[in-house]
Amino acid sequence: MASKLFEAKKLCAFYGSTQVLFDVDFSIHTGKITTILGANGAGKTTTLRALCQTVRTTGSITLNAGARDVQLVGESTDAIVRMGVAHVPDGRGTFTALSVEDNLKLGAYVRSDKAEVARDMDKAYSRFPRLAERRHQQAGTLSGGEQQMLAISRALMLRPKLLLLDEPSFGLAPLIVAEIFRIMRQINAEDGVSMLLVEQNASLALGLAHHAYLLETGYVALSGPAEQIKSDESVRRAYLGY
Ligand code: ATP
């Protein structure tokens, strides 16, 4: 059994005085893909924001960092990035005025191992040859699919312990989505990168993830191995709508 990398307990999140997460508990295991599913407004994006501490949060999120545990609630977002949490936000979060290459370089801004950074950049280009062909192109002029590939590659340049992905399938054609999900699986299997994937497309996410949580209006309605949830017809009908 893989060890717990992150553990959230009684996590609550607020926008001003409005509470949108209510005592959410979840764990992310080392080397595994965890998915958070739910309808519009369930609190999926907010859960990722809570991990990065870009939303007001109470409760606890513990990073199991080897010899010691680190509490993320109350930490700065910059410190959390330096601990190895990379975020691919909804809307992708590339720097549209910069070239593909400069976006990748920015993704490695906290690293000083230049040779390894260059190696990781080559790896990004070999994973996504479309990015290699467009390395000097302005990111804002890329197609939606290419921007998603760049956003994922930029986040990986951190060599993250955890990759947070917010609806990577959003607005993309099925063939591009299939390619991106195939490569996400490869990144997890080959490099052991742990992922927390937020998706509205439950079928797609359950096909990739090891473990799933279902959020309903800020509460965890159910959780379990992705395979089990996928094969439970009543759960699928009641909660996932397919
Ligand atoms: P979607 O799939 O539509 O993106 P979601 O599950 O990711 O939904 P969140 O974006 O986390 O849901 O939103 C949860 C709740 O918090 C919603 O009711 C939303 O209106 C509210 N909310 C989100 N962002 C803000 C904000 N910046 N200010 C105020 N309320 C917000």
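Conditions: (1) away from the ligand (no atom under 15 Å from the Cβ); (2) small (G, A, S); (3) touching a residue at least 24 places away in the same chain (Cβ under 8 Å). S76 meets all but one. Number of the miss?
Unmet condition: (3).
For a quick check of your reading of the model, give me the residue pairs whose first member lies in the range 218-242 and is more than 29 Å from T18 (Cα to Cα), whose second is hydroxyl-bearing (S, T, Y) and loosely packed, with under 15 Cβ neighbours inside 10 Å, with beta-carbon atoms closer than 7 Å and at least 6 apart or on different chains.
If the second residue must be hydroxyl-bearing (S, T, Y) and loosely packed, with under 15 Cβ neighbours inside 10 Å, the pairs left are R236/Y242; Y242/S203.
Would you tally the residues in the range 153-168 being part of a strand (DSSP E or B) and either touching a Phe, Trp or Tyr at 6+ places or on another chain (Cβ under 9 Å) or within 16 Å of the ligand (Cβ to nearest atom) (or both)?
Summing the residues that are part of a strand (DSSP E or B) and either touching a Phe, Trp or Tyr at 6+ places or on another chain (Cβ under 9 Å) or within 16 Å of the ligand (Cβ to nearest atom) (or both) in the range 153-168 gives 4.
For the list (1) within 16 Å of the ligand (Cβ to nearest atom); (2) modelled with pLDDT of 95 or more, I need the number of the one condition that L150 fails.
(1)
With the requirement that a residue be within 15 Å of the ligand (Cβ to nearest atom) and either over 27 Å from S169 (Cα atoms) or outside any strand (DSSP E or B) (or both), what does the range 13-46 give you?
Within the range 13-46, G16, S17, T18, Q19, A39, N40, G41, A42, G43, K44, T45, T46 meet the criteria.
Take the residues in the range 126-160 that are closer than 19 Å to G192 by Cα and more than 15 Å from the chain's Cα centre (by Cα); name whichever of them is surrounded by the fewest Cβ atoms within 10 Å (Cβ to Cβ).
Step by step, filter the range 126-160, then rank; the result is S126.
For the range 47-60, name all the residues that are within 16 Å of the ligand (Cβ to nearest atom) and within 21 Å of T35 (Cα to Cα). Give the steps one after another, and end with the answer.
Going through the range 47-60, the residues within 16 Å of the ligand (Cβ to nearest atom) turn out to be 47-59.
Across the range 47-60, the qualifying residues are T47, L48, R49, A50, L51, C52, Q53, T54, V55, T57, G59.
With A108, A86, A118 as the choices, which residue is surrounded by fewer than 13 Cβ atoms within 10 Å (Cβ to Cβ) and aliphatic (A, V, I, L, M)?
It is A118.
Select, from A97, A79, A108, the only residue that is touching a Gly at 6+ places or on another chain (Cβ under 9 Å), closer than 24 Å to D120 by Cβ and among the small types (G, A, S). Working first, answer last.
Working: A79 fails: touching a Gly at 6+ places or on another chain (Cβ under 9 Å); A108 fails: touching a Gly at 6+ places or on another chain (Cβ under 9 Å).
Sole residue among the options that is touching a Gly at 6+ places or on another chain (Cβ under 9 Å), closer than 24 Å to D120 by Cβ and among the small types (G, A, S): A97.
Among G218, G171, G192, which is the only one that is away from the ligand (no atom under 16 Å from the Cβ), on the phi > 0 side of the Ramachandran plot and either within 15 Å of the chain's Cα centre (by Cα) or outside the structural domain of I152 (by TED's automatic domain parsing) (or both)?
So the residue among G218, G171, G192 that is away from the ligand (no atom under 16 Å from the Cβ), on the phi > 0 side of the Ramachandran plot and either within 15 Å of the chain's Cα centre (by Cα) or outside the structural domain of I152 (by TED's automatic domain parsing) (or both) is G192.
So that you can scan it fast, the table gives a plain yes or no per residue for (1) surrounded by 14 or more Cβ atoms within 10 Å (Cβ to Cβ); (2) modelled with pLDDT of 95 or more; (3) under 20 Å from T46 (Cα atoms):
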position: L163; (1), (2), (3): yes, yes, yes
position: P168; (1), (2), (3): yes, no, yes
position: P174; (1), (2), (3): no, no, no
position: L196; (1), (2), (3): yes, yes, yes
position: Y219; (1), (2), (3): yes, yes, yes
position: L222; (1), (2), (3): yes, no, yes
position: S231; (1), (2), (3): no, no, no
position: A238; (1), (2), (3): no, no, no
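Out of the range 94-128, which residues are over 19 Å from N188 (Cα atoms) and in contact with a Ser or Thr (Cβ under 7 Å, 6 or more places away or on another chain)?
Matches in the range 94-128: N103, L104.
The values are calculated or read from the model by the stated rules, or taken from the named source; none is laboratory data. This is a predicted model, so every value here is computed, not measured. For neighbour counting, all protein chains shown are included, and Cβ atoms are generated from backbone atoms with ideal geometry for every residue, glycine included.
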